[in-house]
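This report refers to the structure that appears directly beneath it.
The values are calculated or read from the model by the stated rules, or taken from the named source; none is laboratory data. Treat the numbers as computed from the prediction; the structure is a model and nothing was measured. Note that we place each Cβ from the backbone using ideal geometry, even for glycine, and neighbour counts take in every protein chain shown. Keep in mind that these areas ignore ligands, DNA and RNA; they rest on the heavy atoms of the full protein, side chains included. Shrake-Rupley method; radii C 1.70, N 1.55, O 1.52, S 1.80 Å.
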Amino acid sequence: MPCRLTFARLRAPVASTLAIPALMILALATAVAPVGAAEPLSPLAPEPGAAPWSGTYHSQQHRAREAESKARAGMRLQKAEASRPAGAAKAMSDYDVRWYGLVLDLNPTTRIVTGTTTVRAQVVNGPLTSLQLDFGSQMTASAARSAGVPASFTWNSGILAINLDRAYGTGEIVDVAIDYAGNPSSSGFGWNTYQGQPLIWTLSEPYGARIWWPCKDTATDKADSVSLDVTVPSNLIVASNGVLTGVSTPVAGKKTYHWRERYPIATYLVSLAIHPYAIINDVYYPQDGGTMPVTHYVLPSQLGAATAGYAVTVDMIEAFADAFGEYPFVAEKYGHAQFPWGGGMEHQTCSSMYYNNYDEYLIAHELGHQWFGDLVTCADFSHIWLNEGFATWLEAYWKEVRYGIASYHAEMAAARYLGAGTIFVENPNDFSAIFDYYLSYLKASWVPHMLRHVLGDEAFFAALKQYRDTHGFGAATTEQFQAVMESASGRDLAAFFQQWIYGEYFPRYDYSWRHEPAGAGWRVRLRIKQSQTNAGLFVMPLDVRIDTAGGPYTFVVQNDAPEQWYALEVPSAPTAVTLDPEDWVLCETRFLGVSDVPDAGLALGLEAAPNPFNPRTTVRFTLGEEGQVALAVHDAAGRLVAVLAGDRFAAGQHAVTWDGRDREGRAAASGTYFARLRAGDQTRTLALTLVR
Ligand SMILES: [Zn+2]
C-alpha cells in the first residue's frame, strides 16, 4: 500500500496519511514546507471519518494531530468490519470467486453511490445454499437475485448472506446480484473537490473494498476478472483497473465508463479515481513486441509537472521487466491517477498518486508493487512485508539501475531500522501494525537486500522469477516465499526467515584478529562473537575484508555460532579487517582490537549443541592450523558408532552433524556417547547425551 517513504525522508511536500506514527507526523509538521504551487484540495464538508486530505495540515502541529485522529477514526471504522463473525470465513471458503461486475452510479452532489454488484462464483464445497459476502454497514442492500430470481438475504455484523435459488453442488457456478445504495465516505473512499470539481477516489487496502461493494474481501481468492461500469456526471472522467472498453451516454448529462480488468485481482486493488482529468498518453514497448499504453490521469493544473514527472515511468517498467519478468498486466496498461491522499497506492494497472508528488521513489514503489503486491499478493496482511518490503527495496533497486550501486547502498543505509518488533504482523486486524513504517517498510526492505547477498545475484533474481511463476496472479505467505527461495537456490533458509521475519532486532558482531606468517604470506586469525542480548543467535554469511599492503581481499565466512574462529590467508601483511564492509547485513559491528585474541583461541576445540540432544546435534571443532582430522562417535564401551569427519580441514572452525544414527543408519539408543577428535598429535573428547 501506501508508500510513505517520502514522508520519512522529508523529500517532498506531503499530505496527511492513514497510519503514520504520531511522532513522525509531528516531525514532519515542522520540517516540511506547505504545499505550494497547487491549490489546496478542499473537502466538501467535514464529517466523521472523512478521508484525510492534503493541504496545509503540516504547517501546524495541531492540524497534524487532527489529521491523524481523523485517520484513526477511519481506521477504527475499517477495523470494526475487518474481523468476520465465526462461521463466515468457513462459509466463504466454500466457493471460489470467478468474476465481479460492479455497476455503479456516483452522485457527487448527494454523495450517494447507487449500484449493483454481481458475483459469479464456483462452488468448491457443496452443497451451497447461501452465498456469504463481506459488506460494510454504510451501504444498504435493497434487493438480491440468485440466477436472476429474486432472493432473500440477511445482513449481520458485516456479512451479507444471500439465500440461493436452489442448492448448488460442487463445481457449479453461482450468480448472485445485489442492489444497494449509500454513502461509503470513509478513510478509503473520498468525495473531495479540486478547483470546484469533484475529485472522488478509493483506497481499499486492507479491508475497505467491502465498504463500497459486497465481495469476498480476501487476497487468497482473487477474482479471475472484474468489470466496472461507472456512471458519473458527464464532465468527469473515471480512471480504473484494466482497459477502458468504451464510454457511453446512458442519459443526457451522464457518462458511463466501461472498465475491464481481465487479469486476476485482489479486492483491495479494485479502484476508482474520478475527476475532469487531463490525460497523458505514453507508450511502453513490451519485451515480446507490440505496445502497451502508459496512461496518466492528472489534475489539469498538474499537466506540465506530471508530463515531466511521470516521464520516467516507462524506463522503470523496462528496468523492472528486465529484472523480474515482463510487466504483469502487459495486455492492459500501466499509469497513474492523481488523488488527494498523501502518498501512493498500487491499484492494479493504475496506481493512485498524490497529486503533487513526482518523486522517483514513489513512482518506483507503486510500480514495483505491480509485481510484488498485485501479481503476487500477500496471502493475508500478517505477511504484508512481501508487498511493502519488496516495494521499498525496489526504490533502492531503481536507484541502482539508474544511478549505480553506490546509490543503491546509500538508499538501503537510509532504510536501516534497528528497533524492536517483528516483521511478521502478529495481529492483522491492527492497522498500525500492518502499516508500521519501520517494520513493514524499512526493516522489511532489508530482507530482499540481505537475501540477495546470501544467495548471490544470479540465484536471487532467478529465484524471484520462480516465485513469480509459482505464485503469480495468486497470493503467498512467508513460508511459501521461503519454499520457492529454497527450492530455486538449493539452500536451507529456515534460520534466515526465522530470525528476520519472526525474530526481533539484529546481530551485534564483536570481532578481533591477529596475524602470523603462513608460508609465503600471512594468516589472519579472526574471532567473531555475537554479543546481542535482546535476540538469539543469527545465522548469516558475513563478508570479511582484509586490507593489506598489496590491496584488499574479501572473504565470505559463515557465521552461525555465538563465538567463532576463522583463519584467512592473504599474500601481504594485513593492516585492517572489516566485517560486512558493504552493509549487506542488518547488524552492528565492533572491533575489539588486534591484541584481544587470546592464544587459547588457537588451540584445538570441540563442542556440541544442542547437548543433550534428540535426534541430532551439531559438533563444532576448531583447528589452529590446516590438517588431517578424524572425528568419530563412540559409545560408553568404546565401540565405534559413527564417523563424522575424516578429511583435511583448513584452520578455523568447522561443523558437522550427528543424526543420532549408527553406521548402519539405525537410531542409536538413549545414553552417553563420546565424540573423539584427533588432529595432528592432539585429541579432544566430548560427552554427548542422546535422550530419545
Ligand atoms: Zn507500498
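For (1) part of a strand (DSSP E or B); (2) open to solvent by less than 10 Å² (accessible area, probe 1.4 Å); (3) at negative phi, each residue gets a yes or a no:
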{"position": "Pro85", "(1), (2), (3)": "no, no, yes"}
{"position": "Lys90", "(1), (2), (3)": "no, no, yes"}
{"position": "Asp96", "(1), (2), (3)": "yes, no, yes"}
{"position": "Trp99", "(1), (2), (3)": "yes, no, yes"}
{"position": "Leu102", "(1), (2), (3)": "yes, yes, yes"}
{"position": "Thr118", "(1), (2), (3)": "yes, no, yes"}
{"position": "Gln122", "(1), (2), (3)": "yes, no, yes"}
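Can you go through Ala603, Ala573 and tell me which one is modelled with pLDDT of 85 or more, more than 41 Å from the chain's Cα centre (by Cα) and open to solvent by 30 Å² or more (accessible area, probe 1.4 Å)?
Details: Ala603 fails: modelled with pLDDT of 85 or more.
The unique qualifying residue is Ala573.
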### Task
Sort out which residues of the range 666-692 are within 10 Å of Leu604 (Cβ to Cβ), in contact with a strand residue (DSSP E or B) (Cβ under 7 Å, 6 or more places away or on another chain) and either assigned to a strand (DSSP E or B) or open to solvent by less than 60 Å² (accessible area, probe 1.4 Å) (or both), and write them in order of number.
Leu677, Arg678, Ala679, Thr683, Arg684
## Note on the structure
Contact list, first residue from the range 483-495 and exposed (fewer than 15 other Cβ atoms within 10 Å of the Cβ), second anywhere and charged (D, E, K, R) and part of a helix (DSSP H, G or I), beta-carbon distance below 7 Å, six or more apart or interchain, is Asp492/Glu486
### Task
Go through the range 502-559 and give me each residue that's open to solvent by 50 Å² or more (accessible area, probe 1.4 Å), charged (D, E, K, R) and assigned to a strand (DSSP E or B).
Arg508, Arg514, Lys529, Arg545
### Query
Which one of these does Asp165 not meet: (1) open to solvent by 40 Å² or more (accessible area, probe 1.4 Å); (2) at pLDDT 95 or above; (3) closer than 16 Å to Met92 by Cα?
(3)
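Considering each residue of the range 367-401, count those that are charged (D, E, K, R) and within 17 Å of Thr267 (Cα to Cα), and give that number. Before the answer, list the steps.
So the first thing to find is which residues in the range 367-401 are charged (D, E, K, R), and the list is 374, 380, 388, 395, 399-400.
Subset that is within 17 Å of Thr267 (Cα to Cα): 374, 380.
Qualifying residue count for the region: 2.
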### Message
Just to be sure I understand the filter: pairs with C-beta atoms under 7 Å, separated by 6 or more residues or on different chains, first member in the range 222-244 and within 14 Å of Tyr100 (Cα to Cα), second member modelled with pLDDT under 95 and assigned to a strand (DSSP E or B). Which pairs pass?
### Response
none
### Query
Can you name the residue in the range 315-363 that is under 21 Å from the mean Cα position of the chain (by Cα) and polar (S, T, N, Q) and is also farthest from the ligand (Cβ to nearest atom) among such residues?
Thr349
### Message
Can you pull out every residue in the range 211-266 that is of a type in the set (D, E, K, R) and either part of a strand (DSSP E or B) or open to solvent by less than 50 Å² (accessible area, probe 1.4 Å) (or both)?
### Response
Lys216, Asp217, Asp221, Lys222, Asp229, Lys254, Lys255, Arg260, Glu261
### Message
Please go through (1) crowded, with 23+ Cβ neighbours inside 10 Å; (2) more than 12 Å from the ligand (Cβ to nearest atom) for Ala433 and return the number of the only condition it doesn't satisfy.
### Response
(1)
### Residue that is farthest from the chain's Cα centre (by Cα) [pool: residues in the range 364-398 that are within 11 Å of the ligand (Cβ to nearest atom) and β-branched (Val, Ile, Thr)]
Thr392
### Query
If we scan the range 127-143, do we find a residue that is open to solvent by 10 Å² or more (accessible area, probe 1.4 Å), in contact with a strand residue (DSSP E or B) (Cβ under 8 Å, 6 or more places away or on another chain) and among the acidic types (Asp, Glu)?
no
### Query
Can you find a residue in the range 450-458 that is more than 14 Å from the ligand (Cβ to nearest atom), open to solvent by 30 Å² or more (accessible area, probe 1.4 Å) and modelled with pLDDT under 95?
no
### Residue in the range 278-299 that is farthest from Thr313 (Cα to Cα), counting only those that are within 27 Å of the chain's Cα centre (by Cα) and of a type in the set (A, V, I, L, M)
Met292
### Query
So Tyr361 fits all but one of (1) open to solvent by less than 10 Å² (accessible area, probe 1.4 Å); (2) under 26 Å from Lys443 (Cβ atoms); (3) not basic (Lys, Arg); what number is the exception?
(1)
### Query
If a residue has to be surrounded by fewer than 17 Cβ atoms within 10 Å (Cβ to Cβ) and either among the acidic types (Asp, Glu) or at pLDDT below 95 (or both) to count, how many in the range 267-291 make the cut?
1
### Task
From (1) hydroxyl-bearing (Ser, Thr, Tyr); (2) in a strand (DSSP E or B); (3) within 13 Å of the ligand (Cβ to nearest atom), pick out the condition that doesn't hold for Tyr297.
(3)
### Summary
How many residues of the range 625-646 are more than 18 Å from Asp659 (Cα to Cα) and open to solvent by less than 20 Å² (accessible area, probe 1.4 Å)? The answer is 2
